[in-house]
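Visitor: Before we start, here is the structure in question, set down as structure tokens.
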Amino acid sequence: MRPLTEEETRVMFEKIAKYIGENLQLLVDRPDGTYCFRLHNDRVYYVSEKILKLAANISGDKLVSLGTCFGKFTKTHKFRLHITALDYLAPYAKYKVWIKPGAEQSFLYGNHVLKSGLGRITESTCQYQGVVVYSMADVPLMSPHADDVTDLQGCFHRCFSHKSYLNCIQSIIQLFSFILLLVVHLRPLIEDSKIEVGNHSIRKMTRILYSSKT
């Protein structure tokens, strides 16, 4: 566990600023104490100084996590926000999108939000602007990028959901299982039909030979 370097801090703050703008300072200087960011196993944790001092007594190889995981750095040194940071970004978000109840489940499964699924949106939201998506009951759902909100389809880029890929793989496995089960059940019928056809051919040849002899 260590403090972020200057470059890591810049990359992370640029990412967070897309969603909360100048409210970024409010994450560090809070009325309930001072909070900071620490890096551990390529993951950035948001933790109070009080808990950080207590965690100093634990060796780095035995420390699993502390505070709230805000995101992680990829191998290409890009910062990716985690869903656990949503509760801290939502109160300070400058741009918000509300989606209708009928579109919530589709969105959470990784699909785009069509214009018909939009409840309302913050005015003057720019293209590719970081937004926080809410339900109509003001419950934060996700933090994607707005993609051309004036487009006729009214779609939004969403963070790729692993769940959608898992559902796709599960469907493929179920399809192959069904095909295999179908083959197992139909195989005896196919073999019986082949035997029946073979016997019919033998009887027909026998009749032809018998008639030629007579």
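Visitor: Those residues that are within 21 Å of the chain's Cα centre (by Cα) and among the hydrophobic types (A, V, I, L, M, F, W, C), I need them from the stretch 111-128; list them, please.
Guide: VAL113, LEU114, LEU118
Visitor: Under 8 Å by Cβ, and 6 or more places apart or on different chains, what pairs join a residue from the stretch 85-114 that is closer than 13 Å to ASP138 by Cβ with one that is assigned to a helix (DSSP H, G or I)?
Guide: From the stretch 85-114, the pairs are ALA93/TYR19; ALA93/ILE20; ILE99/PHE107; ILE99/GLY117.
Visitor: Condition first: touching a strand residue (DSSP E or B) at 6+ places or on another chain (Cβ under 8 Å) and either at pLDDT below 80 or surrounded by fewer than 15 Cβ atoms within 10 Å (Cβ to Cβ) (or both). Now tell me which residues in the stretch 120-129 satisfy that.
Guide: ARG120, THR125, CYS126, GLN127, TYR128, GLN129
The values are calculated or read from the model by the stated rules, or taken from the named source; none is laboratory data. Quick caveat: nothing in here was measured; it's all calculated off a predicted structure. Don't worry about glycine lacking a Cβ; one is built from the backbone with ideal geometry, like all the others, and counts go over all protein chains shown.
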